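So the structure is just underneath, and the comments pick up after that.
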Amino acid sequence: YGGDVFGTVCFITLIIALIFLYQKNMFTIMVDPVTGGYSSSRFNQEAEYLIRHSVPGDYTFIVMNTVSFKLLNDIYSYDESNRILKYIHNTILKYMGKCEILARSSADDFNLLIRTTSEEAIIQKLDLIVDEINRFNDELTEKQWIMFSVGVYQIVDTALPVIHIRDRANIARKKLKIPTGDILYSCGFYEEEDRARLQQENILTNKMEDALKNQDFKVYLQPKADISTGRMINAEALVRWKDADMGLIPPDEFIPLFERIGFIRRLDLYMWEQVCICLRRWMDAGLQPIPISVNLSRMHLINKDFLAPFVKVQKKYCIPPELLELELTETAFQDLPDAIPEAISQIHLAGYTCSLDDFGSGYSSLNNLETLDIDVLKLDCKFLRDARTENDKGHIVIEELIHLARRLGITVCCEGVETENQLAFLRKCHCDIGQGYLFSKPVEVAVFEQRLSGDSSV
């Protein structure tokens, strides 16, 4: 009899323990331990149910990414960072309505499923949320702004899995620039063209390795001319992608993609080697070679020893370093200002010329001309496009930039020269070099070599 009682007690204890463990596990699965709100799993389940039982257009999915939250992690302790995440969650929760749900989906991302309203109403709601989140700064002397990048997708296909719906919101988010300064969030709305672009990028990504292996990336050369004489004095190497199925793929379709995924580093080195092969062939054939410039992505500058493989290739083909020029884009000076001076120093130590490309295409700083030891300043083509009439502001800006650069000992190359009037103006300003369709469009190497072997005028 005693044994039966003991067995019954053990059985009941086991059942209670199993119930406790089940409840604990369900709590862990369904509740976010940081915010105390929905876990990602619970959000996905409930979002799936709500979307499936709605009609197209009823719901909108929003992704809110906390910008630079890793920086906050560095500033604050782990517990304090979690407290900030909970604070953000609870603030957003105030603005959620009936049959709307919210969850922290990853470390610093928040997912919202809300009833669809107009874009203006969504922006107004986001304004209120972000302003309230940052209201704690009212009491602080040193502000600690919490900024967001936001993507919005109005759900028109209720059969899509939540993971694909989230992907579309993220596509909208990532196509925008990160907010800076007093702009506390950026917001993008998904459009069907975004999906088409993503599909196209996926095709290019799948093709790029074979394209590099098969040398489908072709070197085109665009001459640069002496403004005073019109004679060709050097050239810029530009990449073109000739695909067997897709034909000629424009650079603006693949260069930004390659920049984002890092493949641009390999493409730049490939272009450098193709240029060295070209120069070697000219010298071996008895042609008088001219210097060629190659674009260098800012992605290289993350590595302090970025130039070593370039030098190795140059020495492999025994190319005199003075025949090679590296063009750094203006964005490199903006994104990696601390790395630029050392990069330029390395370029000069290797014997190469260094130019600042696309000056004026972004937020140029004249301070760059004073502090950086560049050899050539390339004025962006927009300067000439904006200079329409004699002595207008566009003309004055070009004149003064050329004058300033010459006083600093910097050679000036103006891009986008297309008319005789523009050429005459640049001669009047004593510009050194011109590049543009008036002289020549980018041409295949074989065509360029014919010009090189004949008259050097363009």
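A few comments on the model shown:
- Answer residue from region 285-306, given it is more than 26 Å from residue 448 (Cβ to Cβ) and in a loop (DSSP other than H, G, I, E, B) and is farthest from the chain's Cα centre (by Cα) among those: 305
- Scanning region 260-281 for residues that are acidic (Asp, Glu) and either closer than 16 Å to residue 320 by Cβ or surrounded by fewer than 21 Cβ atoms within 10 Å (Cβ to Cβ) (or both) gives a single hit, 273.
Here's the yes/no breakdown for (1) within 28 Å of the chain's Cα centre (by Cα); (2) over 23 Å from residue 103 (Cβ atoms); (3) in contact (Cβ under 8 Å) with a residue 40 or more places away in the chain:
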site: 137; (1), (2), (3): no, yes, no
site: 167; (1), (2), (3): yes, no, no
site: 212; (1), (2), (3): yes, yes, yes
site: 235; (1), (2), (3): yes, yes, yes
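- Lone qualifier among 90, 25 - being modelled with pLDDT of 95 or more and surrounded by fewer than 18 Cβ atoms within 10 Å (Cβ to Cβ): 90
- Residue 161 passes every criterion in (1) free of Cβ contacts under 8 Å to residues at least 24 places away in the same chain; (2) exposed (fewer than 13 other Cβ atoms within 10 Å of the Cβ) apart from (1).
- Taking the listed residues 417, 397, 412, the one that is more than 25 Å from residue 373 (Cα to Cα) and β-branched (Val, Ile, Thr) is 417, with no other qualifying.
- Highlighted here would be strands (runs of 3 or more DSSP E) found entirely within region 344-458 that include at least 2 residues which are modelled with pLDDT under 80 and on the phi > 0 side of the Ramachandran plot, but there are none.
- Residue 216 meets the conditions (1) free of Cβ contacts under 8 Å to residues at least 24 places away in the same chain; (2) within 26 Å of residue 266 (Cβ to Cβ); (3) of a type in the set (Asp, Glu) in every case but one. The failed one is (1).
- In region 307-329, residue most open to solvent (accessible area, probe 1.4 Å) [restricted to those that are in a helix (DSSP H, G or I) and either of a type in the set (S, T, N, Q) or free of Cβ contacts under 8 Å to residues at least 40 places away in the same chain (or both)]: 312
- With respect to being crowded, with 20+ Cβ neighbours inside 10 Å and under 24 Å from residue 222 (Cα atoms), residue 416 falls outside the description.
- Counting only strands (runs of 3 or more DSSP E) that sit wholly inside region 189-259, those with at least 1 residues that are farther than 22 Å from residue 354 by Cβ, of a type outside the set (Lys, Arg) and open to solvent by 50 Å² or more (accessible area, probe 1.4 Å) are 247-249.
- Failed item, numbered, when residue 105 is tested on (1) modelled with pLDDT under 90; (2) under 23 Å from the mean Cα position of the chain (by Cα); (3) under 25 Å from residue 42 (Cβ atoms); (4) open to solvent by less than 60 Å² (accessible area, probe 1.4 Å): (2)
- Hey, residue 445 under 15 Å from residue 230 (Cα atoms), surrounded by 13 or more Cβ atoms within 10 Å (Cβ to Cβ) and touching a residue at least 24 places away in the same chain (Cβ under 8 Å) or not: no
The values are calculated or read from the model by the stated rules, or taken from the named source; none is laboratory data. None of these values were measured; they are calculated from a predicted model. A quick note on method: Cβ atoms are made from the backbone with ideal geometry, for glycine too, and the neighbour counts reach across all protein chains shown. Ligands, DNA and RNA are excluded from the accessible area calculation, which covers all protein heavy atoms including side chains. Shrake-Rupley method; radii C 1.70, N 1.55, O 1.52, S 1.80 Å.
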